[in-house]
Amino acid sequence: MPKADRFLKACRREPVDVTPIWLMRQAGRYMPEYRALREKHKILELIKTPELAAEVTFQPLSAFDLDAAIIFADILTLPEAMGLELEFVSGEGPLFHNPIRSPDDIRKLKPIDPAEALGFTLQAIRLVARELDGKVPLIGFSGAPFTLACYAIEGGSSRNFIKAKTLMHNETDAWHQLMERFADAAGKYLVAQVHAGAQALQLFDSWAGILSPADYVAYVQPHTRRVFDIVRESSDVPLIHFGTDTAGLLPHICRSGATVIGVDWRIDLHAAWRVIGEDFAIQGNLDPVTLFADIETIKEQAELILQQADGRKGHIFNLGHGILPETPTEHVAALVDFVHSYAIPAP
Ligand code: CP3
């Protein structure tokens, strides 16, 4: 089977020769090539210069035998395009200078035309898709409304998300308006990415796991569904829903419109499939910290995950969350090669 087909076939739960693997944040600071470029350019410069974003997208593909590319971008350029002033403060992470705190702030958000406001990423997708020429598929992505709302309201990363949850509970109408704005913008942005050449889409709802199931259903799920509905109207590319700490939310997450469900290491694949049913593909779920252990341990842990997949169609190997900056590159190479060497048992 051509390597090019594995990832998309697994997303569609078709048989594959070996389990496809890609890694969230596969382009990033753990790679010396990336750090070298970062010495010359700020992160937002890399993202907003299509040639540089394309170059970074290719770095992990040159270094490892990965089965998919993911466009180099960030989930926070979308709220930035809607009017939130974004800065990446070194050592501290992202910061919005004018976070959303009131219904008035929500009214001030600009509706976006992705071709105009996020044209740099669409152009990067065109460049990468042309150069990939079908060798491996290209994944486009967006932040999900909830995770975007968390950053927009908190103004940055947060421990307990007190401001976001309080707005959600106390100003429910405003909350839903904000989520609708983000859902429409994310939906349009993802459609534009498909038109530019993305062959699969991942919606990052990284912080969904901080919610109770009841709150997820009441305040988040309809908006996530809206994003996927918007994409589905014009395209049948595989849709991946990613979140962390979602074990207790899986019965609801799998009804949000995606056909591939990303899970982290806090649930094993048997258990996840038991909850969501075998109509879904699953992406995951090695703990990224495992990549700091010795190579034998990494292989053992990866093998456990492959055994849990147990020959089911529709397993895409990945980490349970993004690869960490200090990860040894030889360990990444060993993981990728091990996953490809594993003989999938007959179903
Ligand atoms: O996966 C890839 O290779 C594509 C690139 C990608 C980036 N961000 C580049 C990036 C993707 C898919 C993202 C998504 C993203 N961004 C998420 C969802 C995934 C997740 O990890 O939960 C989130 C929450 C963000 C927001 C964000 N961007 C944070 C919190 C940070 C700072 C934290 C950190 O790691 O420093 C970023 C910056 C960022 N985006 C980096 C990269 C490679 C590192 C910044 C640097 O180069 O200095």
Name the long-range amide H neighbours of Gln202: under 5 Å, sequence gap of 5 or more, or other chain; modelled H, no Pro or chain starts. Gly140, Phe141, Ser142, Ile240
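I need the semi-axes of the equivalent ellipsoid of the chain: take the C-alpha gyration tensor, multiply each eigenvalue by 5, square-root it, list largest first in whole angstrom.
Square roots of five times the eigenvalues give 30, 23, 19 Å.
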Step through the residues of the stretch 10-26 one at a time and calculate ³J(HN,Hα) from phi using the Karplus curve (6.51 cos²θ - 1.76 cosθ + 1.60, θ = phi - 60°), rounding each to whole Hz and writing x for Gly and Pro. 4, 4, 8, 6, 9, x, 10, 6, 9, 5, x, 9, 9, 10, 4, 6, 5
When a/c reaches 1.5 or more, the comparison of a/b and b/c decides; with that in mind, is the stretch 188-284 rounded, prolate or oblate per its Cα gyration tensor? prolate
Total charge dipole magnitude, the chain, about the Cα centre, Cβ charges on Lys, Arg, Asp, Glu only, Debye to nearest 20: 560 debye
Within the stretch 16-99, DSSP-loop trypsin sites (Lys or Arg not before Pro) with at most 14 other C-beta atoms within 10 Å are Lys42
Can you give the helix-only mean residue ellipticity at 222 nm for the chain, where every DSSP H stretch with n ≥ 4 adds -39500 (n - 2.57) and the sum goes over all residues, rounded to the nearest 500 deg cm²/dmol? -14000 deg cm²/dmol
Tell me the GluC sites (Glu not before Pro) within the stretch 104-155 that lie in a loop according to DSSP and have at most 12 other beta-carbon atoms within 10 Å. none
Step through the residues of the stretch 337-347 one at a time and calculate ³J(HN,Hα) from phi using the Karplus curve (6.51 cos²θ - 1.76 cosθ + 1.60, θ = phi - 60°), rounding each to whole Hz and writing x for Gly and Pro. 5, 5, 4, 6, 8, 6, 7, 5, x, 5, x
Among Asp229, Asp173, Asp287, the residue with the largest mean-square fluctuation in a Gaussian network model of the chain built from Cα contacts under 10 Å is Asp173
Take the alpha carbon atoms of the stretch 217-290, find their center, do the same for the stretch 150-167, and report the distance between the two centers in whole angstrom. 23 Å
Find which of Pro32, Gln301, Ile43 sits farthest along the positive direction of the dipole of the stretch 3-341, computed with +1 on the beta-carbon of Lys and Arg, -1 on that of Asp and Glu, about the Cα centre. Ile43
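Filter the GluC sites (Glu not before Pro) in the stretch 211-320 down to the DSSP loop ones having no more than 16 other Cβ atoms within 10 Å, then list what survives.
The qualifying sites are Glu278.
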Length-normalised contact order of the chain, Cα under 8 Å, at least 6 apart, in percent, tallies to 22 percent
Dipole of the chain (Lys/Arg Cβ +1, Asp/Glu Cβ -1, origin at the Cα centre): which of Val227, Val128, Phe96 lies farthest to the positive side? Val227
Pairs to check: Lys135/Lys299; Lys48/Lys165; Lys3/Lys40. Give those whose C-alpha atoms are more than 30 Å from each other in this structure. Lys48/Lys165; Lys3/Lys40
Rank Ala293, Ala27, Ala185 by mean-square fluctuation in a GNM of the chain with C-alpha springs under 10 angstrom and give only the top-ranked residue. Ala293
Give, in nm to one decimal, the length gained when the segment between Arg232 and Val89 is fully stretched (0.36 nm per residue of separation minus the Cα-Cα distance). 47.8 nm
Residue-ordered couplings for the stretch 219-232, obtained by feeding phi - 60° into the Karplus form 6.51 cos²θ - 1.76 cosθ + 1.60 and rounding to whole Hz (Gly and Pro as x), are 10, 10, 3, x, 7, 5, 4, 4, 4, 5, 4, 4, 5, 4
Once you list every other residue whose beta carbon is under 15 Å from the beta carbon of Gln221, what net charge do they have if Lys and Arg are +1 and Asp and Glu are -1? -1
Fluctuation leader among Ile282, Ile230, Ile240 - the chain, Gaussian network, Cα springs under 10 angstrom: Ile230
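Every number here is computed from the coordinates shown, using simple stated rules; none is lab data. What you see is a predicted model; the values in this text were computed from it and never measured. Every residue, glycine as well, gets a Cβ built from its backbone with ideal geometry; the counts of neighbours run over all protein chains shown.
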